[in-house]
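The values are calculated or read from the model by the stated rules, or taken from the named source; none is laboratory data. Since we're looking at a predicted model, the values are computed, not measured. Note: ideal-geometry Cβ built from the backbone for every residue, glycine included; neighbour counts use all protein chains shown.
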Amino acid sequence: MQTGNGGKARLGALLPAAVAVAAAVAVVVGYTYLHAPRATRVHVGDMAPDFTLPSIVRGDPPVRLSGRRGGLTLLVLFDSRTSGNDAYFLNLQRLHAKYFRSGLSVIAVAVDPTAAALPTFADRAGATFTILSDPYAAVLHTAYGTPRDPEAYLIDREGRVVSVFTQRIDPDTYEFQGLIRKNLGLPGR
């Protein structure tokens, strides 16, 4: 089959358009990849993997996550050495103070190499919620992974994950407050 000069001309005209389409697709795929949320090992709808970890408060017994079932739990994994965590914990403390009587339990798990500085960190934030220690995420790593930035899991009364946050949450936003109130069975703001 011969294409002749007409076929070559049409092919020559289509080539720049094909290159432009391929470039546009590459830009869209790249943008989507860079702005996609970081993958976690635990997903919405999963049962929250259970664990038992020591409290940072000397003399307190270890805490088992499944022992907190029956109420709404916000599980926060963090490293106290990450910048901005003092302000983040002040926000978490306000959230805890506002909703703990309604059934919200905030549990923070520090993955710092040692628990030595954690009581001082908790005191600076005025934290009255539960803070546990898991150096280097040794216990949590298999089920949850090791967080690069604070990440959080909202866990319902039965132990099922209802929301996953791969970045710091802002407990003061209307959307987050609505999510908490909805899962606690409270009326809107």
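Just the residues that are assigned to a strand (DSSP E or B) and of a type in the set (D, E, K, R), please, taken from the stretch 140-156. Write out each step before concluding.
Narrowing the stretch 140-156 to residues assigned to a strand (DSSP E or B): 151-155.
Within the stretch 140-156, just GLU151 meets the criteria.
From the list THR40, THR32, THR82, which residue is within 19 Å of VAL139 (Cβ to Cβ) and modelled with pLDDT under 80? Walk me through how you get there before you give the answer.
Values: THR32 fails: within 19 Å of VAL139 (Cβ to Cβ); THR82 fails: within 19 Å of VAL139 (Cβ to Cβ).
The unique qualifying residue is THR40.
Is it the case that VAL57 is surrounded by 13 or more Cβ atoms within 10 Å (Cβ to Cβ) and over 25 Å from ASP172 (Cα atoms)? Working first, answer last.
Working: surrounded by 13 or more Cβ atoms within 10 Å (Cβ to Cβ): yes; over 25 Å from ASP172 (Cα atoms): yes.
Yes; evaluated as a whole, the condition is true for this residue.
Test of understanding: among GLY185, GLY145, GLY159, which residue is farther than 14 Å from LEU74 by Cβ and surrounded by 14 or more Cβ atoms within 10 Å (Cβ to Cβ)?
On the way: GLY185 fails: surrounded by 14 or more Cβ atoms within 10 Å (Cβ to Cβ); GLY159 fails: farther than 14 Å from LEU74 by Cβ.
None of the other options fit; the residue is GLY145.
Which condition from (1) within 14 Å of the chain's Cα centre (by Cα); (2) buried (at least 16 other Cβ atoms within 10 Å of the Cβ); (3) over 17 Å from THR52 (Cα atoms) is the one that ASP170 breaks?
For ASP170, the failing item is (2).
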